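The values are calculated or read from the model by the stated rules, or taken from the named source; none is laboratory data. Bear in mind the structure is a predicted one, so any value in this text is a computation, not a measurement. Neighbour counts are summed over all protein chains in view; Cβ atoms, including those assigned to glycine, are modelled from backbone coordinates with ideal geometry. Note: areas computed on protein heavy atoms with side chains; ligands, DNA, RNA excluded. Shrake-Rupley method; radii C 1.70, N 1.55, O 1.52, S 1.80 Å.
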Amino acid sequence: YISKCRDDEMYECSACAFADKRNLLIGCTKGRLFLWDTANNTLAGMERIHKQDITAIHVYRKWDTILTADCGGTIAIWQYREEHSGISIRFISSLDTQKTNPMAQMVPGNRAAVFCNDTGELTVYNNCPDRHTAVQTRLSAEAAEKNHIRHVLSMYVTADQSRLVVCRPNQIDFIRLPEGNAVLEYEMYDEIKEMAVYDDETKMRLTMKDRSGYEYEETYEIAGLT
């Protein structure tokens, strides 16, 4: 539908997230980030910072910040602003992690926490505009191997940076930072398909699939698990 409106080459949606109830962010396979006004069904904006397929979009409303990641390992940080006619987005900075299909989350101070499934390492990148800044490893490949946390579905770094929540197909791991020690392994009976953490970080929602193929959702109090 976007391609028809723009009357140019076709784009495939590879990631999407609502910035608010009205505006939808759409990441495409050719690296373009679209802002779609769902109320008026119009294209409100388009940016192209990524050179490869966008694989993840995270919206952080408490910071008015958006994080996008592509399959080539580039992480981009955006600022968005609410206006009378909707919202506008502005590119802030980017970093090249040199990792394939990384998982990424924002942590306070415009920093990005990047998890690499291939190596099991969690790296926190400081001061994203400076490509030459030192990186701080919070979870080493050795610790990841010891705690068996490779090939995860998703991960989440809490705002206070005290824990890494790692979601595997049948288990949730809580990793204490910066030591990298597993403090809790919570095994699930059915298969986990997706994990989402609420904005206030008090709860998480799991999309589950039982052995008969039926999908359902469960909500857990994070404090109760940790």
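What to note about this one:
- Qualifying residue in segment 20-35 (condition: under 18 Å from Val114 (Cβ atoms), touching a residue at least 40 places away in the same chain (Cβ under 8 Å) and open to solvent by less than 30 Å² (accessible area, probe 1.4 Å)): yes
- In segment 200-215, the residues that are under 29 Å from Ala159 (Cα atoms) and β-branched (Val, Ile, Thr) form Cβ pairs under 6 Å with partners that are open to solvent by 40 Å² or more (accessible area, probe 1.4 Å) and part of a strand (DSSP E or B), at six or more places apart or across chains, as follows: Thr207/Lys193; Thr207/Glu194; Thr207/Glu217.
- Scope segment 160-180; condition free of Cβ contacts under 8 Å to residues at least 60 places away in the same chain and in a strand (DSSP E or B); matching residues: Leu164, Val165, Val166, Cys167, Arg168, Gln171, Ile172, Asp173, Phe174, Ile175, Arg176
- Ala39 among the aliphatic types (A, V, I, L, M), open to solvent by less than 60 Å² (accessible area, probe 1.4 Å) and either in a loop (DSSP other than H, G, I, E, B) or out of contact with any Phe, Trp or Tyr (no Cβ under 8 Å at 6 or more places or on another chain) (or both): no
- So Thr219, is it open to solvent by less than 30 Å² (accessible area, probe 1.4 Å) and at pLDDT 85 or above: no
- So Tyr156, is it of a type outside the set (Val, Ile, Thr) and open to solvent by less than 70 Å² (accessible area, probe 1.4 Å): yes
- The residue of segment 80-91 that is farthest from Ala44 (Cα to Cα), among those that are surrounded by 15 or more Cβ atoms within 10 Å (Cβ to Cβ) and at pLDDT 85 or above, is Phe91.
- Evaluation of Val165 against the conditions (1) open to solvent by less than 80 Å² (accessible area, probe 1.4 Å); (2) modelled with pLDDT under 80; (3) not hydroxyl-bearing (Ser, Thr, Tyr) shows that the sole unmet condition is (2).
- If you filter segment 184-201 down to residues that are open to solvent by 70 Å² or more (accessible area, probe 1.4 Å) and either of a type in the set (S, T, N, Q) or under 19 Å from the mean Cα position of the chain (by Cα) (or both), you find that the one that is farthest from Val107 (Cα to Cα) is Lys193.
- Hey, Leu67 open to solvent by less than 30 Å² (accessible area, probe 1.4 Å) and on the phi < 0 side of the Ramachandran plot or not: yes
- Single residue of segment 95-109 satisfying the filter (over 13 Å from the mean Cα position of the chain (by Cα) and surrounded by fewer than 18 Cβ atoms within 10 Å (Cβ to Cβ)) that is farthest from Ala17 (Cα to Cα): Gln98
- Test result for Thr119, assigned to a loop (DSSP other than H, G, I, E, B), modelled with pLDDT of 80 or more and either in contact with a helix residue (DSSP H, G or I) (Cβ under 6 Å, 6 or more places away or on another chain) or open to solvent by 20 Å² or more (accessible area, probe 1.4 Å) (or both): no
- Scan of segment 73-125 for residues that are of a type in the set (Gly, Ala, Ser) and within 20 Å of Ala141 (Cα to Cα), ordered by number: Gly73, Ala104, Ala112, Ala113, Gly120
- Test result for Ser140, open to solvent by less than 50 Å² (accessible area, probe 1.4 Å), among the hydroxyl-bearing types (Ser, Thr, Tyr) and over 19 Å from the mean Cα position of the chain (by Cα): yes
- Qualifying residue in segment 202-216 (condition: surrounded by 15 or more Cβ atoms within 10 Å (Cβ to Cβ) and not in a strand (DSSP E or B)): no
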